[in-house]
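Notes follow once the structure below has been shown.
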Amino acid sequence: MPELPEVETSRRGIAPHITGQTITGSIARAPKLRWPIPKLDFLKGQTIHKVSRRAKYLLIRCDTGTLILHLGMSGSLRVLPSNSPAAKHDHFELVMGDIALRLRDPRKFGAVLWTSEDPASHSLISHLGPEPLNSEFTADYLFSQTQKRTAAIKQVIMDNKVVVGVGNIYATESLFLSGIHPARAAKRISKARIEELHRHIVEILRYAIKRGGTTLRDFQQQDGSPGYFQQELWVYGRSGEACKSCGSTLKHKLLGQRTSAYCPQCQR
DNA sequence: CTAATTCCCTGGAAGC
DNA sequence: TGCTTCCAGGGAATTA
């Protein structure tokens, strides 16, 4: 499933192929994903100037506005010859002469949107917190946010208003690495421990991007063997198994409708 | 404002 | 082998 590193990897993958290209058409094979897919006939003849990213949104800057793509949970993007046959869940594509940017999304949690305004002021984006890998996401900032919140720390770091791009997997793993219990009230964690958590969040995201956005959960290599990351998971998806650090049986708890695995011994 | 809950969707796994 | 049931998950929308 695409987390922030996978979206960034997608951006880096498609940008060289589509930047500077002229759009010759677009195809929507589904009426909607998360929201209706807009009519984009006016895009014909427009040039793609830049492919950027904000949180998990991909922003494709064109002449008169910006195409906003979200991969949801199961979305993936590929650049293919435009005459290659579309597969079952290929719901949308941008055609640029001989090539096409194709969005596949079996679970339809993704999105295709258009804005003629600055995307930063779009209603889906304007309220978002800082990027985790930008200088504004500091340990001091994270600590100040936690001081305002009585909610569980895991829910706070997964809150997009606090910081974007920390999904269930990275939240679960970074809390384990920091020795912090996921259900602990955010405001009751010392500054030193929040600094530790901040460090682990940044490290794990950087590392995942360096690895080419290897999807933690679903990724399989061409030969079907699991991705490296899967073998490196400490707690995510391992409830009932032994903690790799202390041998205790890992437990899990529902927090905000999300399964949260943890080690009762290592995390307090 | 925060916090809790519901909902969207389908593939894959588990149970029968 | 097939059917049915359950679960995962980002995040907006809704409600308290």
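The values are calculated or read from the model by the stated rules, or taken from the named source; none is laboratory data. Nothing here was measured: the structure is a model prediction, and the numbers come from that model. For neighbour counting, all protein chains shown are included, and Cβ atoms are generated from backbone atoms with ideal geometry for every residue, glycine included. To get the accessible areas, we keep the full protein, side chains included, count just its heavy atoms, and leave off ligands, DNA and RNA. Shrake-Rupley method; radii C 1.70, N 1.55, O 1.52, S 1.80 Å.
Annotation: extensible slack from A:Ile27 through A:Glu117 equals 30.1 nm (criterion: 0.36 nm per residue apart, minus Cα-Cα distance). Residue separation of A:Thr259 and A:Met73 scaled by 0.36 nm, minus their Cα-Cα distance, works out to 65.4 nm of gained length. Exceedance of the 25 Å cut-off in Cα-Cα distance is limited, within the set A:Lys39/A:Lys161; A:Lys154/A:Lys191; A:Lys210/A:Lys251, to A:Lys39/A:Lys161; A:Lys210/A:Lys251. If both residues of a DSSP beta bridge must be in segment A:80-221, then about 100% of such bridges are antiparallel.
Using every pair of distinct Cα positions in chain A, the Kirkwood expression returns a hydrodynamic radius of 19.8 angstrom. Of the accessible area of chain A, with the probe set at 1.4 angstrom, what percent is carbon plus sulfur? Ligands and nucleic acids excluded, carbon and sulfur reach 49 percent. One decimal place: the segment A:Asp41-A:Lys187 gains 47.5 nm when fully extended, by the rule 0.36 nm per residue minus the C-alpha distance. Would you mind pulling out the separation of the Cα centroids of segment A:91-106 and segment A:119-177, in Å? Measuring centre to centre over Cα atoms gives 32 Å. Between the DSSP loop rule and a limit of at most 13 other Cβ atoms within 10 Å, which GluC sites (Glu not before Pro) in segment A:133-219 are left? The qualifying sites are A:Glu136.
Taking the Cα centre of segment A:17-176 as origin and assigning +1 to Lys and Arg Cβ atoms and -1 to Asp and Glu Cβ atoms, the resulting dipole is close to 520 debye. Ligands, DNA and RNA excluded, the heavy atoms of A:Lys50 present near 120 Å² of accessible surface to a 1.4 Å solvent probe.
Per residue, the accessible area of chain A comes to 48 Å² when a 1.4 Å probe rolls over the protein heavy atoms.
Taking all protein chains as shown and a probe of 1.4 angstrom, A:Tyr141 keeps an accessible surface of around 50 Å². Estimated from the Cβ-Cβ distance and a Förster radius of 30 angstrom, the FRET efficiency linking A:Lys50 and A:Ala151 is about 0.25. Here the spin labels are modelled as points 7 Å beyond Cα on the Cα-Cβ line, and at A:Phe109 and A:Cys246 they lie 3.1 nm apart.
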